[in-house]
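Novice: My structure is below; once you've seen it, I'll send some questions.
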Amino acid sequence: MTSTGPRRLQLAAGLQKLRERSGRTLEEVAKLSGYGKSTVGRYEDWRSRAKPVPRAVRAIAEAAGGRPAEVAALVRLAEDMPEGWWVGAAVPEWLHPLVSLEHEAQYESAFAPSVVPGLLQTRDYALAIHLAEQVRQPLDKVTELVEGRMRRQEVLTRHSPLHLWVVLDQAVLRREVGDRTVMAAQLDHLIEQSQQPNIDIQILPWAAGAHAAGLGHFVTIGSDDVLGAVYVEMLGGGFYMDSATDVRRYTVAMDYLRSQAVDTTGSLKILAAERKEYR
């Protein structure tokens, strides 16, 4: 186990595996560690927003029967855990797990059936999306949410950038978000981004018909040293899965979508053609 990759996911999985290997229950580990059952459960849940305390990690790992080297590796993960900028920022709490994974993940794949994914949105497009979603929020609050989304995109330009692979339903290019000027700029941005070495964009054309993902927007994210996780977008929130079965099911679905979509070169031509519609 190393300190690279999505560390919170590694830490949670490591603690859970130690406990399962030992055959101990949450209650037993809690009693042996001196921490409550809810605390032990929270440390095994990578979606928890609380920053792990190395002392607690050591106690729980030892109570779960961890060997000295295993305990030390998990404690090191907790010690190296960064305090993400998104904590206390204008990023919805339900999105914190995804943003925290993006902060350290190596790759992310997304299927977008209705709107451009957040990592590829222009500021004006993001503002239009948030104004539509946050109809009861004051403008300054909406503006803060947009700023948070723009900062989230920094993972695409960092020293070791996230590799993003997106399959866009062609309907996304025709759904007029904001106005025609906003859409023209958004399509220009997609064309520009599609030519970056760490970004692949494919278009799922109308002719593809029914496809492997049904109707839902989903994201798979991870690194070479961990299996990863799945995020499924829902109204006013999102649902996360990290079991090997779920991750593989969505990974396979993404593979089928890529095979049904136009290749990246052909997709660039589609983007250019759709851009002409917004002259």
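Novice: Tell me the carbon and sulfur percent of the accessible area for the chain, rounded to whole percent, probe radius 1.4 Å. Intermediate results must be reported in sequence, preceding the final value.
Specialist: Details: 7180 of 13820 Å².
Solvent-exposed carbon and sulfur of the chain make up 52 percent of the total.
Novice: For a quick check of understanding: with a 1.4 angstrom probe and all protein chains in place, what accessible area in square angstrom does residue 163 have, to the nearest ten?
Specialist: 70
Novice: Go through [x] 0.97; [y] 0.95; [z] 1.02 and flag the label whose value is the computed Rg/Rh (Cα atoms, Kirkwood Rh) for this structure.
Specialist: Computed from these coordinates, Rg/Rh (Cα atoms, Kirkwood Rh) corresponds to label [z].
Novice: Here's something else I'd like to know. Need one number: nm distance between label points at residue 208 and residue 22, each 7 Å from Cα along Cα→Cβ, rounded to one decimal.
Specialist: 4.6
Novice: To the nearest 0.05, how large is the calculated FRET efficiency for residue 123 and residue 232 if R₀ is 25 Å and r is the Cβ-Cβ distance? Please list the in-between numbers first.
Specialist: Numbers: r = 26 Å, r/R0 = 1.04.
My answer for the efficiency is 0.45.
Novice: Follow-up question, since we're still on this one. Once fully extended, how much extra length lies between residue 114 and residue 133, figured as 0.36 nm per residue of separation less the alpha-carbon to alpha-carbon distance? Provide the component values of the computation, followed by the final result.
Specialist: On the way: separation 19, 0.36 × 19 = 6.84 nm, distance 1.36 nm.
Result: 5.5 nm gained on full extension.
Novice: Next question, about the same structure. With labels modelled as points extended 7 Å from the Cα through the Cβ direction, what inter-label distance (nm, one decimal) is found for residue 37 paired with residue 224?
Specialist: 4.2
Novice: Just to confirm my numbers, what's the Cα centroid distance between segment 23-65 and segment 77-111 in Å?
Specialist: Result: 21 Å between the Cα centres.
Novice: May I ask you to compute the full-extension gain from residue 87 to residue 272, defined as 0.36 nm times their residue separation minus their alpha-carbon distance, rounded to one decimal in nm? Can you show the working numbers first?
Specialist: Details: separation 185, 0.36 × 185 = 66.60 nm, distance 3.82 nm.
Going from the current span to full extension adds 62.8 nm.
Novice: Over segment 88-136, average the accessible area per residue using a 1.4 Å probe and give it in Å², no decimals.
Specialist: On the way: 1930 Å² over 49 residues.
Per-residue accessible area for segment 88-136 comes out at 39 Å².
Novice: Continuing with this model, one more query. Enumerate the calculated ³J(HN,Hα) couplings along segment 148-159 in order (Karplus 6.51 cos²θ - 1.76 cosθ + 1.60, θ = phi - 60°), each rounded to whole Hz, writing x wherever the residue is Gly or Pro.
Specialist: Running phi through 6.51 cos²θ - 1.76 cosθ + 1.60 with θ = phi - 60° gives x, 5, 5, 5, 4, 5, 4, 5, 7, 10, 5, 4 Hz.
Novice: Cut-off 10 angstrom, C-alpha nodes, Gaussian network model of the chain. Which of 200, 242, 255 fluctuates the most?
Specialist: Looking only at 200, 242, 255, the biggest GNM fluctuation is shown by 255.
Novice: Nearest 0.05, what FRET efficiency do residue 192 and residue 51 give at R0 = 51 Å with Cβ-Cβ as r?
Specialist: On the way: r = 36 Å, r/R0 = 0.72.
Result of the calculation: an efficiency of 0.90.
The values are calculated or read from the model by the stated rules, or taken from the named source; none is laboratory data. Computed from a predicted structure; not experimentally measured. Reconstructed Cβ throughout: ideal geometry from the backbone, glycine too, with neighbour counts over all protein chains shown. These area figures cover heavy atoms from the full protein model, side chains too; ligands, DNA and RNA do not enter into them. Shrake-Rupley method; radii C 1.70, N 1.55, O 1.52, S 1.80 Å.
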